[in-house]
Amino acid sequence: MRALITGISGQDGSYLAELLLTKGYDVHGVVRRASSFNTSRLDPIYQDPHQGGQRLFLHSGDLADAVGLVNLVAAIRPDEVYHLGAQSHVRVSFDQPEYTADITGMGTLRLLEAIRAAGVETRFYQASSSEMFGAAPPPQNELTPFHPRSPYACAKVFAFHLTVNYREAYGLFAANGIMMNHESPRRGEMFVTRKISRAVARIAAGLQDEVYLGNLDARRDWGYTPDYVDAMWRVLQHEEADDFVIATGESHSVREFCEVAFAHADLDWERHVRTDPSYDRPSEVHHLLGNAAKAKRVLGWTPTVRFEELVRIMVDADVEALEAEMSGRTARIER
Ligand code: NAP
Ligand code: G4F
């Protein structure tokens, strides 16, 4: 089996690539050009192309470049396409709405058209988001109407419907995973969970004393990313293309995340957390809480890591990485 992953250098892409390699796939990933290396999450699985037996292949490409996408799909002829590439930060999408619509929304259209233009028979996974539910009251499932609250969420709603439309119009095996927030030690440093776990490590080491956050009352259904990439794979193995909410069914506030994270390092969060309204969003998503009963029933998927364990995993990883950095060792990019 041959898979193509957009966004392979991101949090989810790196875990998914590992999972597919262990399942025997050849894995092809699209990496966009940057002025310095942007593939550090792939270091544990990087394979030197000059050695034999390579199964991980990285290709230069960009979701803004339609012709490049056609050429890539035509050359690779993947059995499965996992479309994870996106401008994925909600707050940033208010500052860069047009760019977000272009990459997160139009990028999906370009990739779907590339599959059609290349004439390959493939299965397509769209990384849809619980942000699409936005202001819809919890719990949210596949029948909950979308009420997006950011340019990012609007772009994801567009991409969700395109995926359904290409399924209906062209018979493409095109499926949506509507995923609640999922986190890990590889989470981008600008998302709230990782911002907190890094701050805990640095405060415990005496390197800083405070961290500034936005809305502490927001509630999220936070899961563990390795569980969620397993769900992506299951979505594409199902006999028919369909759409699934992926969630733990448990929600917690940002404040609770702080409490558990700081307590794990024997710190009192209230002594170190400050708020700064510049991190607030013009329109907030207050409460996401998913119902993944359909994924459990149809795909046999259940989460294995719950909230408190997730927080501990993230804090421990950042403490370990900081200790390694301070002692001049190379940090392990793991878990
Ligand atoms: P992430 O860490 O921000 O990764 C995004 C990936 O997209 C990165 O590899 C990034 O490349 C790539 N990318 C950005 N702009 C691109 C462009 N113009 N052309 C090609 N690639 C581009 O996000 P993630 O957390 O792994 O999430 C994966 C996907 O799932 C995203 O679509 C996200 O919106 C969606 N999603 C995430 C969650 C969650 O909780 N994590 C929940 C629901 C849905 P660089 O490494 O060069 O930046
Ligand atoms: O960690 P966040 O930035 O994640 P958000 O906005 O929920 O989006 C993530 O999950 C979505 C799935 O639901 C994905 F589609 C999306 O790509 C991304 O992965 O913020 C979580 C909550 C928000 O309510 C935010 O207002 O935390 C609140 N928050 C409070 N202080 C903060 C901060 N968020 C960030 N990033 N930084 C803060 O200082």
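So ASN215 clears everything in (1) of a type in the set (S, T, N, Q); (2) open to solvent by 20 Å² or more (accessible area, probe 1.4 Å); (3) within 14 Å of ligand 1 (Cβ to nearest atom) except one condition, right? Which one?
(3)
Among the residues of region 256-293, how many are open to solvent by less than 70 Å² (accessible area, probe 1.4 Å), in contact (Cβ under 8 Å) with a residue 24 or more places away in the chain and in contact with a Phe, Trp or Tyr (Cβ under 6 Å, 6 or more places away or on another chain)?
Within region 256-293, residues that are open to solvent by less than 70 Å² (accessible area, probe 1.4 Å), in contact (Cβ under 8 Å) with a residue 24 or more places away in the chain and in contact with a Phe, Trp or Tyr (Cβ under 6 Å, 6 or more places away or on another chain) number 3.
If I ask for residues that are within 17 Å of LEU236 (Cα to Cα) and open to solvent by 50 Å² or more (accessible area, probe 1.4 Å), which ones from region 78-115 would you list?
Scanning region 78-115 gives a single hit, ASP79.
Residue-wise test of (1) hydrophobic (A, V, I, L, M, F, W, C); (2) within 17 Å of MET106 (Cα to Cα).
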| site | (1), (2) |
| --- | --- |
| LEU143 | yes, no |
| ALA153 | yes, yes |
| HIS161 | no, yes |
| ALA169 | yes, no |
| GLY177 | no, no |
| ARG187 | no, no |
| ILE196 | yes, no |
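Against the condition in a helix (DSSP H, G or I) and without any contact (Cβ under 8 Å) to a residue 40 or more places away in the chain, how does TYR152 come out, does it pass? Let's see the steps before the verdict.
Details: in a helix (DSSP H, G or I): yes; without any contact (Cβ under 8 Å) to a residue 40 or more places away in the chain: no.
Spelling it out, it is not the case that TYR152 is in a helix (DSSP H, G or I) and without any contact (Cβ under 8 Å) to a residue 40 or more places away in the chain.
Within region 268-288, can you find the residues that are within 15 Å of ligand 1 (Cβ to nearest atom) and touching a Gly at 6+ places or on another chain (Cβ under 7 Å)?
The first filter runs over region 268-288 and keeps only residues within 15 Å of ligand 1 (Cβ to nearest atom), leaving 285, 288.
Matches in region 268-288: VAL285 only.
So, in region 21-39, exactly how many residues are in contact (Cβ under 8 Å) with a residue 12 or more places away in the chain, open to solvent by 70 Å² or more (accessible area, probe 1.4 Å) and within 16 Å of ligand 1 (Cβ to nearest atom)? Please lay out each step first, then the result.
So the first thing to find is which residues in region 21-39 are in contact (Cβ under 8 Å) with a residue 12 or more places away in the chain, and the list is 21, 23-33, 38-39.
After this cut, where a residue has to be open to solvent by 70 Å² or more (accessible area, probe 1.4 Å) as well, the list is 23, 32-33.
Filter once more, so that each one left must be within 16 Å of ligand 1 (Cβ to nearest atom): 32-33.
Count: 2.
For region 133-156, what are the residues that are among the charged types (D, E, K, R) and either within 14 Å of ligand 1 (Cβ to nearest atom) or buried (at least 19 other Cβ atoms within 10 Å of the Cβ) (or both)?
Within region 133-156, the subset among the charged types (D, E, K, R) is 142, 149, 156.
ARG149, LYS156 - these are the residues of region 133-156 that are among the charged types (D, E, K, R) and either within 14 Å of ligand 1 (Cβ to nearest atom) or buried (at least 19 other Cβ atoms within 10 Å of the Cβ) (or both).
The values are calculated or read from the model by the stated rules, or taken from the named source; none is laboratory data. The structure displayed is predicted, hence computed values, not measured ones. Here Cβ is always computed from backbone atoms with ideal geometry, including for glycine, and neighbour counts include all displayed protein chains. All accessible areas refer to the heavy atoms of the entire protein, side chains included, with ligands and DNA or RNA removed. Shrake-Rupley method; radii C 1.70, N 1.55, O 1.52, S 1.80 Å.
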